[in-house]
Amino acid sequence: MEKFQTFTGIVAPLDRANIDTDAIIPKQFLKSIHRTGFGPNLFDEWRYLDHGEPGQDCTNRPLNQNFVLNQDRYKNSSVLLTRENFGCGSSREHAPWALADYGFKAIISESFADIFYNNCFKNGILPITLSTEKIQHLIEKTESNIGFSLKVDLENQTLTDSFGNMTFFEIESFRKDALLNGLEEIGLTLSHAEEIKIFETSHLQKHPWLFRT
Amino acid sequence: MSGKTLYDKLWDSHLVRENEEGTSLLYIDRQLIHEVTSPQAFEGMRLANRSLWRTEANVAVPDHNIPTKDRDKGIEDPFSKLQVDTLDENCDSFQIKEFKMSDPNQGIVHVIGPEQGLTLPGMTIVCGDSHTSTHGALGALAFGIGTSEVEHVLSTQCLIQQKSKNMLIKMNGELKQGITAKDLILFIIGKIGTAGGTGYAIEFGGDAIKALSMEGRMTVCNMTIEAGARAGLIAVDQTTLDYVNGKPFAPKGELWDQASEYWKTLQSDQDAVFDKTIEIDAGDINPMVTWGTSPEMVTDVDGMIPFTTNGKFQPALDYMGLAQGTAIKNIDLDKIFIGSCTNSRIEDLREAAKVVDGKKVSDSIKLAMVVPGSGPVKAQAEQEGLDKIFLDAGFEWREPGCSMCLAMNADRLESGERCASTSNRNFEGRQGQGGRTHLVSPAMAAAAAIKGHFVNVTTVGWEN
Ligand code: SF4
């Protein structure tokens, strides 16, 4: 995984709570056997007026002009701002794949669903949790200032807006390290292979009915 | 020192090491695999040139994409076909046990695990699917993971985890006659909200839980994820042991004696401390119906869609084509779906058949379908004559799979169609783009099929 770098990005406000992973990437696109190419179908049912199917060229599909990401001012946004319980529902990692493929590098919300939150870190996306008041304030600012952007600095755990206002955010240190260093988790776990084997042997001795298919 | 919760015990018995940065390496006993969330994991293993850590830990089954009728014709949709073929190829080449589409034991992954004795009490169980919480009903620590983690488990038999907090939901008293596990869990979600369990492992306890069958307990744990918690748990008792005993892959003879002695210890200690405890009087619960686009938007069948002044529910109501103040019983339906990993087990089908017996599906219903959760469930139901009851009433009787729970196969709602469904999610588009879903119990779905609208199935003659 690539290392997470400080960046400055346009903020897109998705003023809704409980956005589920079915909305982020509808089920028909989960039929892909690859990790890439989900960006054009991110929020498909909200973004387009017609029904999308996998394998379709999205460039000529009719756009829902009311959907926030279709508005010119939010083109090329890389920070998504949204309400509580973002990413609830299915465990599909296709959701962070689609968000990353579209170009989002950070998502700011009041809260995230557990599995989605976890999946973000495996894909270089930084989920940031802020208080309801701060989210409200940011949504208002984003809507009233065309081109509103935030500088996202994970090292220092800060968000800085175009006017120089700075906000701190909290994040667990191991999550921060994993993103900053682009850690390869499987390799890391395999470095403890001996310990795993020792555990496994004694585990099987204690529970000899396991490990049968 | 205070005692341990069931979750603490399961966690501690699978802890390989505590990593320096505050995470833990947790050993995983069983990984269940299906076709949708696994191809990229196998691809990742091949790219990194890694092999399986322990082949027998894994069991696979295709369920999401497969057709529920005319199976002998194969899978028509080329994308669905490729995904199922890819699972078959991956399992063949990695020598993973798979119940292929043609196998008589094929079914929804969360139905076949317990049914085959492949998921057992005391195990850690994962699957690239959020409803893995279902298996917690057996006193196992079971939770859904993403595809990167599927690959992690394939390669290392471990996961890097952070321990959740402990929550106890205690259901005191007795459920009223005719009230089911589905009503119980919908009631809980209505009470604590879809984010109420975020960050917790939830143990369900109390007399009303102890009185549930294993099928009912699985329904409750299944929808723990809809309450925001990755894992739901129920302590092992005689009901658990009786269910597991004799399952094809469950231990037998001396091993059974040894295992069941251990399994009996799988309950929270008397003096265990939970971070949060919620007590609910089970006797207050009525048949529940969701009216919105989140499982927490739920009320009892004799109620109405709530009024709010802040317009909070408006997007959901616009999508559902409903207004505040509408009585639930006045909601007319187009389709009925009885199935999914929440409610497709034999007991669910029996409950629905009891309601349907000798009656006819209303003319106003376009399609009423029953999709058993697995091959063995279907066979058992047919042996009991349940299929005939459904078919005589005008239901369709299908082959096992996820079907219209998420509409990845051909079974789906058309835009604007309204469905009474025994599944677990009423999200926008979940059962088909523009489709409108109301979550209910099997008995409630069956009664709605007969009447064409919701009725309180626990009242005599279901009077309106
Ligand atoms: S039945 Fe529905 S919820 Fe259950 S595994 Fe299948 S798609 Fe998921």
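Filtering A:Phe174, A:Phe163 for residues that are at pLDDT below 95, open to solvent by 70 Å² or more (accessible area, probe 1.4 Å) and in the same structural domain as A:Ile107 (by TED's automatic domain parsing) leaves a single hit, A:Phe163. Taking A:Asp101, is it touching a residue at least 60 places away in the same chain (Cβ under 8 Å) and open to solvent by 60 Å² or more (accessible area, probe 1.4 Å)? In short, yes.
Could you tell me which residue of the stretch A:183-197 is surrounded by the most Cβ atoms within 10 Å (Cβ to Cβ), considering only residues that are more than 9 Å from chain B (Cβ to nearest Cβ) and without any contact (Cβ under 8 Å) to a residue 60 or more places away in the chain? Filtering the stretch A:183-197 for residues that are more than 9 Å from chain B (Cβ to nearest Cβ) and without any contact (Cβ under 8 Å) to a residue 60 or more places away in the chain, the one surrounded by the most Cβ atoms within 10 Å (Cβ to Cβ) comes out as A:Lys197.
Note on the stretch A:92-111: among residues that are small (Gly, Ala, Ser) and closer than 16 Å to A:Asn18 by Cβ, the one that is farthest from the chain's Cα centre (by Cα) is A:Ser111.
Only one entry of B:Arg30, B:Arg54 meets the criterion of being open to solvent by 10 Å² or more (accessible area, probe 1.4 Å) and basic (Lys, Arg), and that entry is B:Arg54.
Pick from B:Pro306, B:Pro287: which is crowded, with 21+ Cβ neighbours inside 10 Å, more than 16 Å from the ligand (Cβ to nearest atom) and not polar (S, T, N, Q)? Just a single option satisfies the conditions, and that option is B:Pro287.
Screening B:Glu399 against (1) within 16 Å of the ligand (Cβ to nearest atom); (2) touching a strand residue (DSSP E or B) at 6+ places or on another chain (Cβ under 7 Å); (3) among the acidic types (Asp, Glu) leaves a single unmet condition, (2).
Among the conditions (1) more than 8 Å from every other protein chain (Cβ to nearest Cβ); (2) crowded, with 24+ Cβ neighbours inside 10 Å, B:Asn172 misses just one, which is (2). If you check B:Thr156 against the conditions, is it touching an Asp or Glu at 6+ places or on another chain (Cβ under 6 Å) and either within 13 Å of chain A (Cβ to nearest Cβ) or at pLDDT below 95 (or both)? So B:Thr156 does not fit the description; no. Tallying residues that are within 11 Å of chain B (Cβ to nearest Cβ) and assigned to a strand (DSSP E or B) within the stretch A:1-55 yields 2. Summed over the stretch B:1-30, the residues that are away from every other protein chain (no Cβ under 11 Å) and either basic (Lys, Arg) or in contact with a helix residue (DSSP H, G or I) (Cβ under 8 Å, 6 or more places away or on another chain) (or both) give a count of 2. Can you find even one residue in the stretch B:368-385 that is away from chain A (no Cβ under 14 Å), of a type in the set (Gly, Ala, Ser), in contact (Cβ under 8 Å) with a residue 60 or more places away in the chain and more than 16 Å from the ligand (Cβ to nearest atom)? Yes, the stretch B:368-385 contains at least one residue that is away from chain A (no Cβ under 14 Å), of a type in the set (Gly, Ala, Ser), in contact (Cβ under 8 Å) with a residue 60 or more places away in the chain and more than 16 Å from the ligand (Cβ to nearest atom).
Considering B:Arg412, B:Arg430, B:Arg425, B:Arg418, the condition of being within 16 Å of the ligand (Cβ to nearest atom), surrounded by fewer than 24 Cβ atoms within 10 Å (Cβ to Cβ) and among the charged types (D, E, K, R) is satisfied by B:Arg412 alone.
Mind telling me which of the residues B:Ala211, B:Ala227, B:Ala250 ends up being open to solvent by 30 Å² or more (accessible area, probe 1.4 Å) and hydrophobic (A, V, I, L, M, F, W, C)? Of B:Ala211, B:Ala227, B:Ala250, the one residue that is open to solvent by 30 Å² or more (accessible area, probe 1.4 Å) and hydrophobic (A, V, I, L, M, F, W, C) is B:Ala211.
Going by the structure shown, is A:Thr59 closer than 29 Å to B:Lys81 by Cβ, open to solvent by 10 Å² or more (accessible area, probe 1.4 Å), at pLDDT below 95 and more than 13 Å from every other protein chain (Cβ to nearest Cβ)? When the stated conditions are applied, A:Thr59 passes them. With a requirement of 1 or more residues that are within 16 Å of the ligand (Cβ to nearest atom), the strands (runs of 3 or more DSSP E) lying completely within the stretch B:126-175 that satisfy it span B:141-144.
Screening B:Ser374, B:Ser403 for residues that are at positive phi and modelled with pLDDT of 95 or more leaves exactly one candidate, B:Ser403.
Name the one entry in A:Asn76, A:Asn66, A:Asn70 that is surrounded by fewer than 21 Cβ atoms within 10 Å (Cβ to Cβ), over 27 Å from B:His131 (Cα atoms) and without any contact (Cβ under 8 Å) to a residue 12 or more places away in the chain.
So the residue among A:Asn76, A:Asn66, A:Asn70 that is surrounded by fewer than 21 Cβ atoms within 10 Å (Cβ to Cβ), over 27 Å from B:His131 (Cα atoms) and without any contact (Cβ under 8 Å) to a residue 12 or more places away in the chain is A:Asn66.
The values are calculated or read from the model by the stated rules, or taken from the named source; none is laboratory data. Just so we're clear, the structure is a prediction, and the values are computed from it rather than from any experiment. Note: ideal-geometry Cβ built from the backbone for every residue, glycine included; neighbour counts use all protein chains shown. All accessible areas refer to the heavy atoms of the entire protein, side chains included, with ligands and DNA or RNA removed. Shrake-Rupley method; radii C 1.70, N 1.55, O 1.52, S 1.80 Å.
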